[in-house]
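Below is one structure, written out as structure tokens; comments come after it.
The values are calculated or read from the model by the stated rules, or taken from the named source; none is laboratory data. Not measured: the values here are computed from a predicted model. Cβ coordinates were reconstructed from backbone atoms using ideal geometry, including for glycine residues, and neighbour counts include every protein chain displayed. The area values use the complete protein model at the heavy-atom level, side chains included, leaving out ligands, DNA and RNA. Shrake-Rupley method; radii C 1.70, N 1.55, O 1.52, S 1.80 Å.
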Amino acid sequence: MSEETVTVDGEIVDLEVVPTTALEGLNRAEIDMQIATAKRWPRSITDFKRKALELATLNEETAAAMFYSLKRGSKRIEGPSVRLAEIAAYSWKNLRFGARVIAVEQKQVVAQGFAFDLENNTASSVEVRRRITNSEGQRYNEDMITMTANAACSIAFRNAIYKVIPQALLLDVYKLARETATGKSLTMEQRREKILADMAKIDAKPEQVYKLVDKKSKDDITIDDILFLKGLITSIQDGETTLKTALSEGEIVPATTKLGDLTAALKVKSQGEPISNPAQRGKIEDGKEPLSAADRAILDELK
């Protein structure tokens with residue numbers, strides 16, 4: 001199908017008209033109708049904040065799912081979770097949103113999240129990549145790839161929502177959810193007991209919990225530690241991390257020196273005897289060197 005068009009110079013050209021498919025026409029009509037509906041019944045920011053707050057603080061368990069926590073080295077990272085994004089999207093109204101997997105590569109899966117504010121005519125599209133290989137470079141099996149893809153979709157959806165809905169409007173909801181999650185009506189002792197019980201549900205032993213928050217015992221756990229652990233539980237349940245990964249964060253990676261060589265070297269230094277292995281001698285003059293306080297502490301720990 002074509003039609004003739006006369007240019008400014010008087011030249012007649014044929015332009016091909018590409019017909020709109022039935023599906024494209026339906027999609028366009030659907031979006032136009034939704035935009036018209038959104039303009040007719042605009043949202044109320046006051047209603048949004050009230051509804052989001054009611055849902056986010058419905059109970060202690062729901063409130064604990066409103067934020068996530070991760071451990072990166074010695075630092076704690078915390079932020080609003082996928083569950084809070086779901087409540088925000090529901091309460092915001094006049095919003096089209098979703099997530100899908102757009103590629104499964106050899107080493108990564110790629111997910112795309114989108115959010116379209118029909119009332120404000122603003123949209124966001126976010127891509128998230130997740131590794132589908134283990135530490136040895138082996139590809140996950142089909143079930144693990146599916147789980148990783150679902151986690152990537154959740155993260156992509158969350159990021160897209162928070163690019164459309166101003167986080168400033170969710171700040172009070174976020175803060176009150178954190179307060180509710182700690183169990184305001186409980187004593188500190190009860191809160192500690194409860195967080196240990198919650199961590200046990202994800203197979204974390206008490207000593208592992210103490211390691212995660214860098215504490216020696218249950219009595220040392222603080223409110224901030226409880227908030228971090230509750231967020232970590234959310235992260236593990238959402239597939240953003242695992243207990244094993246969280247426990248390994250912040251560990252000091254040993255140098256290439258073998259433990260046996262280090263132990264032998266320290267023992268030789270402590271005894272003031274010559275070191276027969278040149279590789280162990282290093283900068284030690286005449287094969288002897290007095291044992292420093294730091295080295296002695298290491299040697300005592302190795303014993």
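A few points about this structure:
- Residue match in the stretch 122-139 (condition: touching a residue at least 24 places away in the same chain (Cβ under 8 Å), among the hydrophobic types (A, V, I, L, M, F, W, C), more than 30 Å from ARG40 (Cβ to Cβ) and touching a Cys at 6+ places or on another chain (Cβ under 6 Å)): no
- Residues of the stretch 95-118 classified as buried (at least 18 other Cβ atoms within 10 Å of the Cβ) and not hydrophobic (A, V, I, L, M, F, W, C), total: 3
- Counting the residues of the stretch 53-76 that are open to solvent by 70 Å² or more (accessible area, probe 1.4 Å) and either within 17 Å of LEU243 (Cβ to Cβ) or in contact with a Ser or Thr (Cβ under 7 Å, 6 or more places away or on another chain) (or both) gives 2.
- Scan of the stretch 109-129 for residues that are over 19 Å from ASP32 (Cβ atoms) and hydroxyl-bearing (Ser, Thr, Tyr), ordered by number: SER124, SER125
- Any hit, the stretch 217-224, residues being open to solvent by less than 60 Å² (accessible area, probe 1.4 Å) and in contact with a strand residue (DSSP E or B) (Cβ under 8 Å, 6 or more places away or on another chain): no
- Residues in the stretch 119-147 that are open to solvent by 20 Å² or more (accessible area, probe 1.4 Å) and part of a helix (DSSP H, G or I): GLU142, ASP143, MET144, THR146, MET147.
- Tally of residues being without any contact (Cβ under 8 Å) to a residue 40 or more places away in the chain and either acidic (Asp, Glu) or not in a helix (DSSP H, G or I) (or both) across the stretch 180-197: 6
- When the stretch 163-177 is limited to residues that are touching a strand residue (DSSP E or B) at 6+ places or on another chain (Cβ under 7 Å) and open to solvent by less than 60 Å² (accessible area, probe 1.4 Å), the one that is nearest to ILE223 (Cα to Cα) turns out to be ALA177.
- Qualifying residue in the stretch 44-58 (condition: over 29 Å from GLY239 (Cβ atoms), part of a loop (DSSP other than H, G, I, E, B) and modelled with pLDDT of 90 or more): yes
- Any hit, the stretch 200-222, residues being out of contact with any Ser or Thr (no Cβ under 6 Å at 6 or more places or on another chain) and within 13 Å of ALA64 (Cα to Cα): no
- Residue within the stretch 187-210 that is open to solvent by 50 Å² or more (accessible area, probe 1.4 Å), within 30 Å of SER91 (Cα to Cα) and not aromatic (Phe, Trp, Tyr) present: no
- Each residue in the stretch 189-205 was checked for being within 20 Å of the chain's Cα centre (by Cα) and small (Gly, Ala, Ser), and 1 of them qualify.
- Filter pass, TYR90 being more than 18 Å from LEU170 (Cα to Cα), open to solvent by 20 Å² or more (accessible area, probe 1.4 Å), more than 19 Å from the chain's Cα centre (by Cα) and of a type outside the set (A, V, I, L, M): no
- Sole exception among (1) more than 23 Å from the chain's Cα centre (by Cα); (2) at pLDDT 90 or above for ALA64, by number: (1)
- Single residue of the stretch 95-106 satisfying the filter (of a type outside the set (A, V, I, L, M) and touching a residue at least 60 places away in the same chain (Cβ under 8 Å)) that is farthest from ILE31 (Cα to Cα): PHE97
- Any hit, the stretch 79-93, residues being under 29 Å from ASN141 (Cβ atoms), touching a strand residue (DSSP E or B) at 6+ places or on another chain (Cβ under 8 Å) and assigned to a strand (DSSP E or B): no
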